[in-house]
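Report on the following structure.
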Amino acid sequence: MTDAVTDAAQQVAADKGKVLEDRLAGLRKTADRPSPALPLAKQTFGLANALEDLFLSADSQSDRSRQRAIGPSEVGDDCARRLRYKVIGTPPVRQDQDSWAAILGTSAHLWIAEVFRQRNRTLGRERYLIEHRVTVRPGMTGQVDLYDKATATAYDWKLVGPETLRSYGTQGPPNRYLVQGQLYGRGLQNEGLEVRKIAIVVLPRAAKIRDKAQIWSYAPDQDVVDASLARLDEIAGLPAGTPMDVIPATAQSECRWCPWFDPGHAVEADERGCRGGHFARRRKDTCEDLIA
Ligand code: SF4
């Protein structure tokens, strides 16, 4: 009797084991099932093109892409010629600029903004001003990513790829970002807000924040703001028709992102476009843009 019970129990266990084994085998079989997908090249070519067209077309309607007036992120550009093209309203010579990196940067900004909105809700008070619009001077506005009232610090997020991250690690962020932060500081001060510190937070696009983020902070400096705005006014005030090739240009890697960069241009620079700096002509393009 006891043996019969034992046998029955063993049989039940064996059946259960068999059922489980079959189920697991089924999972393996599903994973091994041949895919009905189209050949990779054919599938990805059409889809990738359609997605890019859709994304870039949507981006072309964004405030960032449609901005025509010089903004705080451009005032400190090392290239006076590029600023001149912008202030006199020269149409871009390039229609092929890939704004995907900028789209990613904008998306990250939106996400970070939501994090701090939630933080304000948790605190039950508005410690942080988020994506706060400021007026640097009449006709020049900008958006401060974050202002912390508790520490009187203005933050500016930058999302960058590995190559740019390495370059900032050795040379620091470019002048135009330092000037941009100073202009935001002026805008906040114009509202009567105290600014003790300005911080550029460089976030890695392809690494852990704690491993690779860089934070560059500095004090507000009215002289930098005044000198930068005076330089811009000088550039804007040049007589109409001033030849572009006499306006100083800085040979820099960022020519590749300049809307007036035309490497095949017949002359160094004219009213339509610019051949760019020496470095730009040698360099192979990569997707290492940084988001303003
Ligand atoms: S292509 Fe380069 S050198 Fe020419 S205007 Fe643009 S940033 Fe300046």
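Just a few scattered comments:
- Long-range amide H partners of THR141 with built H, under 5 Å: VAL136
- Surface accessible to a 1.4 Å probe, GLU52 within the full protein complex, Å²: 100
- Per-atom-type breakdown for region 67-282 gives carbon and sulfur 53% of the accessible area (1.4 Å probe, protein chains only).
- With Cα atoms as the point set, the radius of gyration and Dmax of region 67-282 evaluate to 18.4, 61 Å.
- Computed about its Cα centre, the charge dipole of region 66-172 is approximately 340 debye, with only Lys, Arg, Asp and Glu carrying charge at their Cβ.
- Only Cα pairs under 8 Å and 6+ residues apart enter the sum, and on that basis the relative contact order of region 67-282 stands at 24 percent.
- Across region 229-234, rounded Karplus estimates of 3J(HN,Hα) from the backbone phi angles (6.51 cos²θ - 1.76 cosθ + 1.60, θ = phi - 60°) give 5, 5, 4, 4, 5, 4 Hz, Gly and Pro being marked x.
- Cα gyration tensor category, rounded, prolate or oblate, for region 128-185 with a/c compared to 1.5: prolate
- Under a model in which nothing but the beta-carbon of Lys, Arg (+1) and Asp, Glu (-1) is charged, the chain shows a dipole of about 260 debye around its Cα centre.
- For region 110-119, putting each phi into the Karplus relation 6.51 cos²θ - 1.76 cosθ + 1.60 with θ = phi - 60° gives couplings of 4, 5, 5, 4, 5, 4, 6, 5, 5, 4 Hz, in residue order, rounded to whole numbers and with x for Gly and Pro.
- Against the criterion of solvent-accessible heavy-atom surface with a 1.4 angstrom probe, TRP257, TRP111, TRP100, TRP157 sort, most first, into TRP111, TRP100, TRP257, TRP157.
- Amide N of region 76-112 lying under 20 Å from the label point, which is placed 7 angstrom from the Cα of ARG68 along Cα→Cβ: 82-95
- Comparing ALA102, ALA8, ALA25 along the charge dipole axis of the chain, the residue lying farthest to the positive side is ALA8, per the Cβ-charge model.
- Taking every protein chain into account, the accessible area of region 170-228 amounts to 54 square angstrom per residue (probe 1.4 Å).
- The residue list ILE215, CYS274, GLY71 was ranked by how far each Cα lies along the charge dipole of region 67-282 toward its positive end, using unit charges on Cβ atoms, and ILE215 comes out on top.
- The aspartates and glutamates whose alpha-carbon is closer than 13 Å to the alpha-carbon of LYS212, local same-chain residues fewer than 8 away aside, are GLU163.
- Furthest towards positive pole of dipole, GLN182, PRO259, ALA113, structure part the chain, Cβ charges: ALA113
The values are calculated or read from the model by the stated rules, or taken from the named source; none is laboratory data. Everything numeric here is computed off the predicted structure, so don't read it as measured data. Positions of Cβ are backbone-derived with ideal geometry, glycine not excepted, and every protein chain shown enters the neighbour counts. For accessibility, only protein heavy atoms count, side chains too; no ligands or nucleic acids. Shrake-Rupley method; radii C 1.70, N 1.55, O 1.52, S 1.80 Å.
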